[in-house]
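Below: one structure, written as structure tokens.
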Amino acid sequence: MAGSALKRLMAEYKQLTLNPPEGIIAGPVDEENFFEWEALIMGPQDTCFEGGVFPARLTFPPDYPLGPPKMKFSCDIFHPNIYPDGRVCISILHAPGDDPMGYETSAERWSPVQSVEKILLSVVSMLAEPNDESAANVDAAKTWRDDRKGFEEIAKVTVRKSLGL
Amino acid sequence: MASEQHAFAYDPEKNYDEDIMAQQRQIEKEIAETQPLVSGLFTFDDIVEEYTSEDAVYRHKIEDLKTRYANMRKTRGDGNCFFRAFGFAFLESLIKDPTDYSRFLELVTKSKDELIALGFPQFTLEDFYDTFIDIVKQVKSPGTVEKLVETFNDQGLSDYFVVYLRLIVSGFLQKKEDEYIHFIDGERTVKQFCSQEVEPMGKESDHIHIVALTKALEVPIRVEYMDREGLTCNAFTFSASDTSDDSLVKPAVSLLYRPGHYDILYPL
């Protein structure tokens, strides 16, 4: 079904180009391969990530949209729901069979009517509101919980770095 | 003791989710390699040993089934079995008796605009709808059961068909939100329930999914419940409308339920 996946990804790319959501840019790295995308996510306003521009890679499986893509930040970002190697760990990126502990029952799951746009919007919310219940980066979760000031300092450095300062 | 060295020791610093998910993938892979999405026909004598190895009471229940059903087909236990079993069995019934075909085609053709009106983005619906309608139309082109078995064992086509049935159920529940909110557990809206329990592939079906599908498509379903209580199966008919009397309904599809799984039954 790679043909269906390609058709769907092209439709999503078109949609994102015509109606880009605020603070998000995304598209294939190279028009020859629609299964690898690059996204730029602006840090949400009124949060410690405000002002940053964070690049990430999305890798789509051949059976997309039956299965979700994987997402990985290609910059350093210290956050409870991002693994130290950049991989994003939020519920919408998991197939329903994958039910890692700690997700709230109300959390959104991947389904074929979700989309790249929905994922990226969830990532923006995740930046604004980390979930320390299901930590991918235990250090970051502890810092967020016990030393909010320290967390914000690290975030500020991340923001400056993301702008090449 | 040597075995203690291998005993599980919880490491609070470690994230176990990845291991659990890898194991889950492995189990799914094994199921996919050993079970077809929709099998050929089996007689009850073929399956009696397999079922009774689970529980001896099934031997009596299989004898009971034999008084009403000729044979069965198995479906893959991948969480989509209810939808796949229903879809296959209903289209197969239309190949054998096309009386209901035009009504059904008209109803599902209209469903796309209804789903868009409920807020599903067109670009996420379109491919599933197109594949679904193509498969429905196979029934008349002219359809054979062999071709239908082939289509339902093509993972891509079969899954796209299942996705669309899930969307029909989601749309129906959302449309009848006031009625169905009372049947949803947890502090969830109907929309949340649908996006967590109906729309994702692999999510198992409960009573509410069956009720909604039956009513949305106006296709009555009979389910034979093969649980561990008693010596016979309990049959339950899901009628297509609120007004029809169960005892008068001739189900278009008969399914066999063993805890957690649906297969297809063929009445005598």
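The values are calculated or read from the model by the stated rules, or taken from the named source; none is laboratory data. Given the structure is predicted, the values throughout are model-derived calculations rather than measurements. Neighbour counts are summed over all protein chains in view; Cβ atoms, including those assigned to glycine, are modelled from backbone coordinates with ideal geometry. Remember, those area values only see protein heavy atoms, side chains included, never the ligands or the DNA or RNA. Shrake-Rupley method; radii C 1.70, N 1.55, O 1.52, S 1.80 Å.
Numbers at a glance
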quantity: Residue within region A:137-155 that is in a loop (DSSP other than H, G, I, E, B), of a type outside the set (Lys, Arg) and within 13 Å of chain B (Cβ to nearest Cβ) present; calculated: yes
quantity: Scope region A:8-40; condition open to solvent by 20 Å² or more (accessible area, probe 1.4 Å), touching a Phe, Trp or Tyr at 6+ places or on another chain (Cβ under 9 Å) and within 12 Å of chain B (Cβ to nearest Cβ); matching residues; calculated: A:Met10, A:Ala11, A:Tyr13, A:Lys14, A:Gln15
quantity: Those residues of region A:144-165 which are within 17 Å of A:Val88 (Cβ to Cβ) and either surrounded by fewer than 15 Cβ atoms within 10 Å (Cβ to Cβ) or among the small types (Gly, Ala, Ser) (or both), in sequence order; calculated: A:Ala155, A:Ser162
quantity: Checking A:Ala141 against (1) in contact with a strand residue (DSSP E or B) (Cβ under 6 Å, 6 or more places away or on another chain); (2) surrounded by fewer than 21 Cβ atoms within 10 Å (Cβ to Cβ), the condition it does not meet; calculated: (1)
quantity: Residue check, A:Glu133 part of a loop (DSSP other than H, G, I, E, B) and touching a helix residue (DSSP H, G or I) at 6+ places or on another chain (Cβ under 9 Å); calculated: yes
quantity: Looking only at region B:166-194, and only at residues there that are buried (at least 18 other Cβ atoms within 10 Å of the Cβ) and over 15 Å from B:Ile116 (Cα atoms), the one that is farthest from the other protein chains (Cβ to nearest Cβ); calculated: B:Tyr180
quantity: B:Tyr257, sole failed condition from (1) under 13 Å from the mean Cα position of the chain (by Cα); (2) over 30 Å from A:Ser4 (Cβ atoms); (3) part of a helix (DSSP H, G or I); calculated: (3)
quantity: Subset of region B:167-209 that is polar (S, T, N, Q) and part of a helix (DSSP H, G or I) - its residue that is nearest to B:Phe82 (Cα to Cα); calculated: B:Ser170
quantity: Some residue of region A:41-49 being within 14 Å of another protein chain (Cβ to nearest Cβ) and open to solvent by 70 Å² or more (accessible area, probe 1.4 Å); calculated: no
quantity: Helices (runs of 4 or more DSSP H) fully within region B:60-150 counting 2 or more residues that are loosely packed, with under 15 Cβ neighbours inside 10 Å and within 14 Å of chain A (Cβ to nearest Cβ); calculated: B:122-138
quantity: Residues within region B:18-45 that are surrounded by fewer than 13 Cβ atoms within 10 Å (Cβ to Cβ), assigned by the TED database to the domain that holds B:Tyr69 and part of a helix (DSSP H, G or I), tallied; calculated: 1
quantity: Selection count where residues are open to solvent by less than 20 Å² (accessible area, probe 1.4 Å), over 10 Å from the mean Cα position of the chain (by Cα) and within 27 Å of A:Leu6 (Cβ to Cβ), scope region A:55-92; calculated: 6
